[in-house]
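Structure, as structure tokens:
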Amino acid sequence: MRTTVENVMTTDVAAVNQNASFHTVAELLINRTVSGVPVLDDDNKVLGVISEADLLAKEEFKERYYGDDYRPPPRARLRHAAGSEGSGYRKSVGETAGQLMTSPAHTTAPDTPVVVAARQMDKYGVKRLPVVNTEGHLVGIVSRHDLIKVFVRLDIDIERQVREALRGELDVRVVDGVVTLFGTCDERSQTLTAVRAAESIDGVVAVRDELSWKHNDIADLPVWGGA
């Protein structure tokens, strides 16, 4: 079975109501040592996410417009111009979480495979995803740190799962997440299928193909390494 978000997410989620004050949000980020939290409505549904960057917009824009020498760095100017974090000025005058947050929030579901969640984070350029159920209620949060947990599985667990996927037909060795496959298949296509099956197992860092075959049933591919 593939590891899903539900298997690695944090359920003790630091979150704030949309009406929470600036100071309440800042204290929560500090006390929970997190860089961002979901913003909820009165029904515990996710409206957006508020991060350290959202709070810092207040001080940044204060200096930007009233400081004598301040000029935002190029990255900040591009970010504000592109609107990737919403209106920086709007956030600089905001007083509540609802006014300061980035919305709408990018969310994921408990049954989402971790590889899909990782792609979502990369696509949206975020470090965390609130996890919501079918009604849109917050049930957890998953971070990049949570997702890499699949790569610290015990070798013996990975080996067992690879052997199960291959139905015990080949020899398997796993060291530090790297799987090596040994043995002989009847057809060359079977070796390719075996490698792909091993690669699909959560926690596998790489697959080394030491397999041989009796017959090359893939005529359009070059022949090397066969028995």
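Only the coordinates and a few stated rules stand behind these numbers; no lab work does. Just so we're clear, the structure is a prediction, and the values are computed from it rather than from any experiment. Positions of Cβ are generated from backbone atoms using ideal geometry, with glycine treated the same way; all protein chains shown enter the neighbour counts.
Once the C-beta distance of Val195 and Lys127 is scaled by a Förster radius of 30 Å, the resulting FRET efficiency is 0.40 to the nearest 0.05.
Rounded, prolate or oblate: which fits segment 99-147, taking a ≥ b ≥ c as square roots of the Cα gyration tensor eigenvalues, rounded meaning a/c under 1.5, else prolate when a/b beats b/c? Oblate. Peptides 137-146, 203-212 ranked from most to least packed by the mean count of surrounding Cβ atoms within 10 Å: 137-146, 203-212. Each label point was placed 7 Å from the Cα along the Cα-to-Cβ direction; for Glu95 and Thr180 their separation is 6.7 nm.
Using the Cβ-Cβ distance between Lys149 and Asp209 with R0 = 25 Å, the FRET efficiency computed as 1/(1 + (r/R0)^6) comes to roughly 0.40.
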